[in-house]
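Colleague: Before anything else, here's the structure in question.
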Amino acid sequence: MESTQPTATDRALVAAGQRLTVKVPGTSANLGPGYDSLGLALSIYDTLTVETHNTGELEFELSGEGADTLPRDASHLVVRAIDLALERLGFQRSGLKIIADNVNPHGRGLGSSASAVVAAVSAANALVPEESRQDRDWILQLTSEIEGHPDNVAPAIFGGLALSWQDSEQYSSTRADVASSVIPVVAVPDYELATETARGLLPASVGHHAAAMNSGRAALLIHALTANPALLLPGTEDYLHQSYRAQAMRPSADLLAALRSAGHAAVVSGAGPTVMVLANGADQAAAVVEFIEAFTSDNTPEVGWRVMTLAVDVQGARVEVHRR
Ligand SMILES: Nc1ncnc2c1ncn2[C@@H]1O[C@H](COP(=O)(O)OP(=O)(O)O)[C@@H](O)[C@H]1O
Ligand SMILES: N[C@@H](CCOP(=O)(O)O)C(=O)O
């Protein structure tokens, strides 16, 4: 079959002299029973600035998370995603300067790789001439394809609570508004777990009973998050992934169990090892912070935890073009 994709020599160069900034929220996927389908945008932001040059060179100015460890060449995730997006749009780059200020911790289950990919694809789309630009559904397709699942990229693009699904290779997502009393509290441990490793711990299939129990809770969770947060504890029960992954994040699994026994709607954030509580109101959020601090200092003294009370981001990724 003949390729419809333009070859590198057919592709136009992106105009030099452009500069733009993308601010993108972190995300928490799964939320308990919504494995690979539900995700929430959180008020923790990475900022990516991209400059185009005609030098053919790549330059990096990295600060924050990963500044000392991320590659500074074309294998950097942001450059790979920009290159792929430009190729799909029928363009190619010459020189690029990548200025990244990363706040979202890596390998902790707060969707850092998804945020990086969304920032990169949004930037690439904004760098091409207006008539070649695509809409946010196109960004959803490509970023879901890169990530392999839509549940982090969708809320990073659209903000709020994203309900995503897949038909064959086609990804779709719709947005729901979270009840204003819901406050996400995250406990981020100082150890990492790569999403790929955590996905490798899941069984190839689950029984009908587990699947039926899980679909009941996923349905309940949407009602709890949008209309009746009093039901968040039963709504966040999961039967598909958390128990299989517990062995790879024992301190997080212990904290999760203790929080749930105390009546708090705790989940593993994404593939872990961050634990997130969906608190119902400021009083519960404050009680959750106190509970986590007391429990971790008594039971997991070998692990350092960063506890953050966040908000739901309702805007998603935003691009600011700098006039030069
Ligand atoms: N802003 C970024 N820039 C470049 N690479 C990133 C960035 N954020 C994440 N990554 C890459 O993705 C990896 C983490 O991805 P993953 O295992 O899916 O965990 P997470 O839950 O944080 O998304 C990092 O180790 C790094 O290789
Ligand atoms: N549904 C995915 C979510 C991964 O989220 P991340 O933030 O850990 O990358 C999974 O559970 O594998």
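Colleague: If amide hydrogens are placed 1.01 Å from N in the peptide plane, which non-local residues have theirs closer than 5 Å to the one on Glu61?
Modeller: Ile98, Ile99, Ala100
Colleague: Fewest to most neighbouring Cβ within 10 Å: what's the order for Leu58, Leu278, Leu193, Leu42?
Modeller: In increasing order of surrounding Cβ atoms, one gets Leu58, Leu193, Leu42, Leu278.
Colleague: Within a Cβ distance under 15 Å of Gln134, other residues only, what is the Lys/Arg minus Asp/Glu net charge?
Modeller: Values: positive: Arg88, Arg133, Arg136; negative: Glu87, Glu130, Glu131, Asp135, Asp137, Glu145.
Around Gln134, the surrounding residues sum to -3.
Colleague: Please report, to one decimal in angstroms, the Kirkwood hydrodynamic radius of region 182-309 built from all distinct Cα-Cα pairs.
Modeller: The Cα-based Kirkwood calculation yields 15.1 Å.
Colleague: Order by neighbour count: Val206, Val321, fewest other Cβ atoms within 10 Å first, most last.
Modeller: Ascending number of Cβ neighbours within 10 Å: Val321, Val206.
Colleague: Let me ask another. Just Gly109, Gly32, Gly90 to compare: in a GNM of the chain, with alpha carbon springs under 10 Å, which one fluctuates most?
Modeller: Of Gly109, Gly32, Gly90, the Gaussian network model singles out Gly90 as fluctuating most.
Colleague: Still on this model: What number comes out for the charge environment of Ala124, summing +1 per Lys or Arg and -1 per Asp or Glu over other residues with Cβ under 12 Å away?
Modeller: +2
Colleague: Read phi for every residue in region 210-220 and hand back ³J(HN,Hα) as whole Hz from Karplus 6.51 cos²θ - 1.76 cosθ + 1.60, θ = phi - 60°, with x for Gly and Pro.
Modeller: With the stated coefficients, region 210-220 comes to 4, 4, 5, 4, 5, 5, x, 6, 5, 5, 4 Hz.
Colleague: Once amide H atoms are built 1.01 Å from N in the peptide plane, which residues 5 or more positions from Gly95, or in another chain, come under 5 Å H to H?
Modeller: His53, Asn54, Thr55, Gly56, Glu57
Colleague: Under the 0.36 nm per residue contour assumption, what length would be gained going from the current alpha-carbon distance of Glu145 and Ala294 to full extension?
Modeller: Using 0.36 nm per residue and subtracting the Cα-Cα distance, I get 49.5 nm.
Colleague: Whole-Hz Karplus ³J(HN,Hα) for region 91-96, in order, using 6.51 cos²θ - 1.76 cosθ + 1.60 and θ = phi - 60°, x for Gly and Pro?
Modeller: Computed from phi, the couplings for region 91-96 are 10, 9, 9, 9, x, 9 Hz.
Colleague: I would also like to ask the following. For the chain, with a Gaussian network of springs between Cα atoms less than 10 Å apart, report the residue from Ala116, Ala285, Ala219 with the top mean-square fluctuation.
Modeller: Ranking Ala116, Ala285, Ala219 by mean-square fluctuation puts Ala219 first.
Colleague: Let me ask something additional. If you consider only alpha-carbon coordinates, what radius of gyration and Dmax does the chain have, in Å?
Modeller: Rg, Dmax (Cα atoms, Å): 20.2, 64.
Colleague: Considering the chain as a Gaussian network with a 10 Å cut-off on Cα pairs, which listed residue, Gly207, Gly270, Gly66, attains the greatest mean-square fluctuation?
Modeller: The residue that fluctuates most here is Gly207.
Colleague: Report the GluC sites (Glu not before Pro) located in region 2-102 that are in a DSSP loop and have at most 11 other Cβ atoms inside 10 Å of their Cβ, or state none. Don't skip to the answer; put the middle values down first.
Modeller: Details: sites: Glu2, Glu51, Glu57, Glu59, Glu61, Glu65, Glu87; in loops: Glu2, Glu57, Glu65.
In loop regions of region 2-102 (DSSP not H, G, I, E or B), the sparsely surrounded GluC sites (Glu not before Pro) are Glu2, Glu57.
Colleague: Near Ser252, within a Cβ-to-Cβ distance under 11 Å, what is the net charge of the other residues, with Lys and Arg +1 and Asp and Glu -1?
Modeller: Charge balance in the 11 Å sphere: +2.
Colleague: Taking 7 Å along the Cα-to-C-beta vector as the label spot, tell me the Arg19-Leu231 distance in nanometres, rounded to one decimal.
Modeller: Between Arg19 and Leu231, the simple spin-label model gives 5.1 nm.
Colleague: Moving on to the next point. Between Ser261 and Asp73, what is the label-point separation in nm under the 7 Å Cα-to-beta-carbon projection?
Modeller: Placing both labels 7 Å along Cα→Cβ, they lie 5.1 nm apart.
Colleague: Please identify which residues in region 160-192 have an amide N closer than 16 Å to a label point set 7 Å out from the Cα of Val314, following the Cα→Cβ vector.
Modeller: Output list for this probe position: 160-162, 175-184.
Each value in this text was obtained by applying a stated rule to the coordinates, not by laboratory testing. Quantities reported herein were computed from a predicted structural model and do not represent experimental measurements. Cβ coordinates were reconstructed from backbone atoms using ideal geometry, including for glycine residues, and neighbour counts include every protein chain displayed.
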